[in-house]
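See structure below.
The values are calculated or read from the model by the stated rules, or taken from the named source; none is laboratory data. Here the structure is a predicted model, which means the values were calculated and not measured. Methodologically, a virtual Cβ is constructed for each residue, glycine included, from the backbone with ideal geometry; neighbour enumeration extends over all protein chains shown.
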Amino acid sequence: MTDAGAVTEWLRRAAEGDTAAFDAAFALVYDELRVLARSQLRREMIGHTLETGALVHEAYLRLSNGGGSAFEDRSHFLGIASTAMRRILVEHARRTTAAKRGGAETPLSLDVADLNRAVVLDDKDTSLVELDEALTELATLDPRQAKVVECRFFGGLTEDETAAVLGIGLRTVKRDWAKARSWLYRHLHSSEL
């Protein structure tokens, strides 16, 4: 873990216009961002063309071009970085599907999202694009539940880490995680009913 206070201080300076401060904050959390990227890429099919470093660097470009986005602290920054990585992967999946001109989307097994974290959403192979669309709809209904899914599934965070990132209680994370999984399962399987 990095010194959260140092990261927060660099992010504060960046928000005040110090152009080098964002780079310093990013450097302090770089290893953690690589872990997040690796976690997200593990869910992709073998032969996926994005690599860990490329995903982290693409997230850097998006976050640094945010036009003075203010990050509250290290946890807030990591949460936003995780979301940026998710969007990069979804866009990549859409481009790949479009390039195949109607070819099958990249299947995403929600069973073995991360065996070390025991994250399980359902028993169906679902494409990343389908999951993203469902998660976007869930965010309109319950933004906090969607954030919990982003942290747990896409960010690979534990329940305790998710609670810290979102600034909510552990019981709330567990409750939201269960509700969100149930909603996503029903939504992703609604065409089969």
In the range 7-43, which residues are of a type in the set (D, E, K, R) and either more than 13 Å from Arg74 (Cβ to Cβ) or not assigned by TED's automatic domain parsing to the domain that holds Leu61 (or both)?
Arg13, Glu16, Asp18, Asp23, Arg34, Arg38, Arg42, Arg43
Looking only at the range 39-61, decide whether some residue is modelled with pLDDT of 80 or more, farther than 23 Å from Asp132 by Cα, out of contact with any His (no Cβ under 7 Å at 6 or more places or on another chain) and buried (at least 19 other Cβ atoms within 10 Å of the Cβ).
no
Any chance the range 64-85 includes a residue that's of a type in the set (Val, Ile, Thr), at pLDDT 80 or above and part of a helix (DSSP H, G or I)?
yes
